[in-house]
Every structure is written in structure tokens, then in C-alpha cells.
Amino acid sequence: MGTATNLTRRTFLKVGAAAGGGLVIGLYLPGLLKPAKGQVGVFAPNIWLRIAPDDSVTVLLTQIEMGQGVMTAMPMLVAEDLDADWNKVKLEWVGADKAYGNVNMDGDQTTAASQSVRGYWKPMREAGAAARAMLVTAAAQTWGVPEESLSTEKGVVTHTASGRHLRYGELVEKAATLPVPEQVSLKDPNNFRLLGQPRARRDIPAKVNGSATFGMDVKVPNMLIARILRCPVFGGRVASFSAEKTRTIPGVRHVMEIQSSPSGAGVAVVADTFWAATKGLEVLDVNWDEGSLATLNSEGIRREMAEATRQPGRVAQNEGDFDRVFAGAARQLEVAYELPYLAHATMEPMNCTADVREDGCDVWAPTQSQTSAHHAAVRITGLPESRVKIHPQYVGGGFGRRGEADYVAEAVEISKAVGRPVKVIWTREDDMQHDYYRPVTYVRYWAALDESGMPIGWKARIMQPSIFSRVAPVVVERMGVDPISVGGIRSMPYDIPNRRTEYINYLPGIPVGFWRAPGGSVAGYVTESFIDELAAAAGKDPYEFRRQLLDKEPRLRGVLDVAAEKAGWGTPLPRGRFRGISVLEEIGSYVAQVAEVSVAPDGKVRVHRVVCAVDCGWIINPDTIEAQVEGGIVFGLTAALHGEITITNGRVAQSNFHDYPMLRINEVPEVEVHILPSTESPGGAGEVSTPPIASAVVNAIFAATGKRIRRLPIRAEDLRTA
């Protein structure tokens, strides 16, 4: 981690001197960033780092805070190599600006796929290191001493031999006149003062005292509130509507049909208050053209997928000769697994405030993607990109849902039509029934075992609606398969020869989108459940069986060993408790989990304890990693025990938390997290712990009852003995 990095004026750093003595330093990524310019008396928004005469350091943050801790991790990266005073580091979010695109996200400003630290750790550290180098040079020239004789700590340059000190703020004016260094070295990890140490999250105080502004909190002068009635059937349209009764509701200003939202056309009621808009919506008379999906039902979808997966799919992987070894195997296995549609169910429902004028457009949105929001607003307004400004807000839960821009499109379209700022507010019911759901999935597995019980052939056939067919159809056209659908299954880590993966795209018309670990949450359940079935068929211990097949995966084997050891694998448990185990490599990180489970006579499953070992590369803030791992486990456990969106006559049957329940506090197990030390590049932490928990639990259920759970969510009626 202490390697030197070559920098040039063209490819890394742009410096602008702000009048009044401010040093402005911005990172320049080839093909993505534009040079930053200092502005008189103003801290420029299109740069990474600003240092003011008062010693304050402002870090420009492009990643959105939704509880994952980027408001702490990202400035830590800058402050470490800058040797800044942590107490003087400030943050400022940036709007839509290609300068801040993530190279791992095709240059988009999107907070997703656990790519915040992975995409920005090196540029942010380099920005801090370059700034420090220039400040040291400024001090050396001021005192007429060699740069090597100087040290830095907490925003101060010190000449130890003479005892002289200069604060960073005292050096900014001189530093701004210096040439950009051609090369900087990143600090050796042995000298870290911030990175690797637990730091309290910087977003928590504002969230606790109520000063944090979420999208729902935005208020602008002259603002109206809009509610939208959408067709309950996916793909349906407005046939006709009457607003006669609605217009009699006090406070209602406008009633209009909208067309811009990808969530489907509908009728908007725009009013002075939320309640006036809601009352107006309740008496709105709309006739719907429900379209071709009005007879679609979950059971029909399930039967269709079960039948379709009996036929071959598009080949996504073919190594060796599975058909030959399967035909001659000592033992053959074939099983099928099912996963339902899942909603994101964010705590803060979708909302957006837009102000469209002839000369510009401002959008205040709790978005995961400034890029998506900006594109939607530009498309609808027809304004030049530079006239559309995105103002990110705190996000009350994202999980992939807020990477979409449907709710942004609605606010922009309505504001443009009525000529005033408009806040669109979705209710919980709107959110639940007009989501982009995690796809329904049906997976068939086949395995061939030799005489010793070890697998010598492995085949998977996945049927799943393709997310990429909507967001990037060219990818599916080029590859023939959806990389999200097949990714985690195709890259299954076990050392098994003769492997084949097939894919069947299925598009029944229900909108699907990215859900926390969209591919991994499927692969983690089906792969780790099936490998457990193979261990049982071989008469082998599930932990030892996995370990034997992971000789070529040292990091995965490492977390497996730690989780098993810390959970006391093989040691006695309290009466009625049983263990299950699972492992997964996801988003550049490695995780293993052991779940302790009991099953009551009425079939109710209780998860008492989860032990999780994670290797996510070198550690920035262990406190944040632990919190994300714990939250991811609760998220995944909620889905395993409760999560299911069902379709009845083209409509989502669930509407709120009474019929789409979250894990209650009294259901949350004791969670124990063990973070393995590592010198590898950072992996992701926000999604890594969600996928393995379902398989760890169902594998423990098998140990307890001898019954396999091949369909989620876990149903008590399938396990009832009394």
C-alpha cells in the first residue's frame, strides 16, 4: 500500500489559487474529469479537496450517504495521506458532474454495487498525498530548509530541528503558486493514524438531533405537493378520468395525466398539502385500460418457470463434459430451488422535489445516482445539461431502488406543467406496489458424485427475468445471458470439474431492478444450499466438505475456518439448537456465516446466533464494516423468513408492513462479526453479508429436522410436526 504513484499535470492534479489565500486541489481522472478552477471567494464544487486559511479541509463527496458510512470512510482516505486534523475536516456533497464519475461504474455518479471505497480509495488518497506534498514544499521554501527535514501531523508542518511550526492554513497561499508534483507516495500502512482505526460515523449526530435533511424534509418557497394514482396492473394505462370531485377538495390546484414515469402512466393530484392531495386522490374517478397482464398470477408464473426449466437454456459456461460424467456417475442428484419477487421496502418512501423554470431546473432528491436523476430531468425539460442541477439529500434506505429515476421524472414533469416547485410523495403502498423488484427465480441443479461421494460434475439452469434487458439490453444481446443472473452461480468457487451453466430469460412483465446484492442474494442461497445437499449425500461434515473443495480459494477458506472456529463448529449446543454454514465471494470480499437455529413443533424458526467472518481487504473503518455486516445479515434474514411479493390479477397483493413484514427486534439474533486482517485492495462491505444468511439458516434447519427448504421464504407449514 506504500507504493509510489506517477502523477502528471494532465492526468492527476489541477490547482487553482483562490483569492484570499485558499488552496484548491482537484483530482483529474483521464477521460472523466475536467480541470478545476479556483473561484474568487468561493470554494469550487467540482474538485476533491479544499484547504482554507482557517485550516479547515473540505472534502467534496460524490457518494451518497444511506447508512453505509461513506461520509466517514471517504474523508478518512483523504485525511490520512494529507495528515489533516480530523476535527477540521468538513464535507460537501456534489451534484451531477461527470468529473466525479466512478471508473468502476462506467463513469456514472452512482452509489451502488458496494463501489464507493472500491472506486475511490486510490484517487482520494492520492489527492490527499499531493496536497500534503505541496504544503511541505511551501514550508520548506518559507524556512529555507530541506523538505526531508519536515514532518506533518494534524494539519501542521513541523521542522523538528528548530522547533518551528506552520499550520496548513498559513501555507495555502504560497502552496497555490507551486508546480504540481510529478510523483507522490502513498503512506505506508504502518504509519497510518486514521485508516484501520474505528471512527464514529459523521452522519449520526445530525440524524439523531433531527438536523439531517432527507428528501422528505425538503421545503422550497412556493412549493406544491403531488400524489399520483397509478394503474394497479403493471403496464396498464389511463383510459379516461374525471376530476370533478377532486377539484372540490380545498387546496387542490391541479389534476393532470402524466406520461414520463417509467413506473407507468397515472393521474397526478397537485395540492397545497399532502393531505389535500391525498383526499383529492381518494375521490378521483379513473377508468383503467389494464392491458395484457390483468390475468397474471404468481402461481401461473411458478408453473411456467418449473416447466420451462425442463428444457435447455442459453449456455453461459461449459467446462469439461458434464453430460458424460453425469451419465456414468456413481450417484446423481437433481434438485430445484425457488425465490420470489422481493420489494426494497425502504424506510423513506420515494419522493422528489423539482423546480422547473424557463432558464433552469433544480432537483432535490434522495437518490443513489446523480447521473440517473440528471438524465431524467434533462430529458423531460429539454434544457441544456448545465442548466439542470441535482441537489443530493440524505437517503432513508436505498438497497438499489434509488438508483432508478422514475420518482424524479414524475416531479420534473409535474413541476414543468404547473410552473411551480413540486414535491412528489409516494406512500408506503405506492412504494410497495410500484417497485422494481428483485426478480423471481427458478434454478435447477444437477450433480454427479464419484464413489467417494465427491462431486465430479455440476450443472445449473437458471430462469430469471433479466434486469439488464431493461437497463442495458445491449449487454444481454452481446453476451446472450444476463451477467447478474448467472454471475454468482457461474463463478461458484468450489473446485469441481465438468461444469455447465445455462440461462433462460423470462420477462412476464413485472418490473425488476437491482436489489441489495441482486445476483449474490440468489446465488448465495441456491449454491450453498445445494453444496450442503452434496455433503449430506456424501455422508460428510458440511464444513469439512466445503473446506476440501476450497484448496484453490485461500481467502474463502480462511473466512470459513474463522467462522467455524468462532462458532464452535462440532462442539455441543444447547438442546434443540443446530448449526448451518455457508460461504460466498461477492463484490471483491469473502464471507462465511454459521447460524444457530431452533425449530419449534409448530414449525416456527428461531435464529439465535449468527457468527460471520469477513475478509474485505485492508480495513478503513472497522466500526463501519461491522455495522454494515450486521445490517446486511438482518436484511437477508428478513427476506429468508418473511420476504415475498405475490401477484394476483396483475397486481401486487402486498401493500404495507402488515403483509410484507420486516424482522422485528425480538427476532434479531445475536450477531458476531470477525473481520480478518488483510493487505489486499478493499472489497465491498455493504452487500457481502446479505447473500449467505438464507443458506446458513436452511442448512441449519436440515440439521434440525432432516427437511430441505428449497423455496423461500421459509414457511412454518413445511416444518410443522405438531
Among GluC sites (Glu not before Pro) in the range 155-217, those in a DSSP loop whose Cβ has at most 16 other Cβ atoms within 10 Å are 182
Mind checking the full-extension length gain between residue 387 and residue 212? Use 0.36 nm per residue of separation minus the Cα-Cα distance, one decimal, nm.
-> 60.3 nm
Using a 1.4 angstrom probe on heavy atoms only, work out the carbon and sulfur share of the accessible area of the chain in %.
-> 49 percent
Mind giving me the nanometre distance, one decimal, between the label points for residue 680 and residue 193, set 7 Å out from Cα along Cα→Cβ?
-> 3.1 nm
Take the alpha carbon atoms of the range 699-722, find their center, do the same for the range 234-306, and report the distance between the two centers in whole angstrom.
-> 40 Å
Return the long-range amide H neighbours of residue 352 (sequence gap of 5 or more, or a different chain), with a cut-off of under 5 Å between placed amide H atoms.
-> 424
For residue 306 and residue 92, what is the calculated FRET efficiency with R₀ set at 60 Å and r taken between the beta-carbons, to the nearest 0.05?
-> 0.70
Per residue, in Å², the accessible surface of the chain once ligands and nucleic acids are set aside, probe 1.4 Å | 39 Å²
Counting helices only, and only those DSSP H runs with n ≥ 4, report the 222 nm mean residue ellipticity of the chain as the sum of -39,500 (n - 2.57) divided by its residues, in deg cm²/dmol to the nearest 500.
-> -8500 deg cm²/dmol
Surpassing 30 Å at the alpha-carbon level, of the pairs 90/174; 90/416; 98/122; 122/219; 187/389; 540/604, are 90/416; 122/219; 187/389
Between residue 512 and residues 5 or more places away or on another chain, which pairs have amide H atoms under 5 Å apart, with H built 1.01 Å from N, and which residues are they?
-> 437
Between residue 154 and residue 623, the FRET efficiency computed from the C-beta separation at R0 = 22 Å comes out, to the nearest 0.05, as 0.55
The simple spin-label model distance between residue 338 and residue 707, using points 7 Å out along Cα→Cβ, in nm, is 1.5 nm
Take the Cα of residue 507, step 7 Å along the line toward its Cβ, and report every residue of the range 449-468 whose backbone nitrogen sits under 13 Å from that point.
-> 465-468
Quote the relative contact order of the chain in percent (integer), defining contacts as alpha-carbon pairs under 8 Å separated by 6+ residues.
-> 13 percent
Output for the range 294-340: trypsin sites (Lys or Arg not before Pro) sitting in coil per DSSP, at most 11 other Cβ within 10 Å, listed by number, reads 310
Distance (nanometres) between label positions extended 7 Å along Cα→Cβ at residue 609 and residue 323 | 5.0 nm
Express in nm, to one decimal, how much length is gained between residue 379 and residue 547 on full extension, taking 0.36 nm for each residue of separation and deducting their alpha carbon distance.
-> 55.2 nm
At the level of C-alpha centres, the distance separating the range 173-198 and the range 323-376, in angstrom, is 38 Å
Residue separation times 0.36 nm, minus the C-alpha to C-alpha distance between residue 178 and residue 242: what's the value?
-> 16.2 nm
Restricting the range 641-718 to trypsin sites (Lys or Arg not before Pro) in coil, as DSSP defines it, with at most 12 other Cβ within 10 Å = 664
May I ask you to derive the FRET efficiency for residue 716 and residue 565 from their Cβ-Cβ distance with R0 = 35 Å, giving the value to the nearest 0.05?
-> 0.60
If Lys and Arg each add +1 and Asp and Glu each add -1, what is the summed charge of the other residues whose beta carbon sits under 11 Å from the beta carbon of residue 609?
-> +1
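The values are calculated or read from the model by the stated rules, or taken from the named source; none is laboratory data. Because the structure is predicted, anything quoted here is derived from the model rather than measured. Cβ atoms come from the backbone with ideal geometry, glycine included; neighbour counts cover every protein chain shown. Surface accessibility is based on the protein's heavy atoms, side chains included, excluding ligands, DNA and RNA. Shrake-Rupley method; radii C 1.70, N 1.55, O 1.52, S 1.80 Å.
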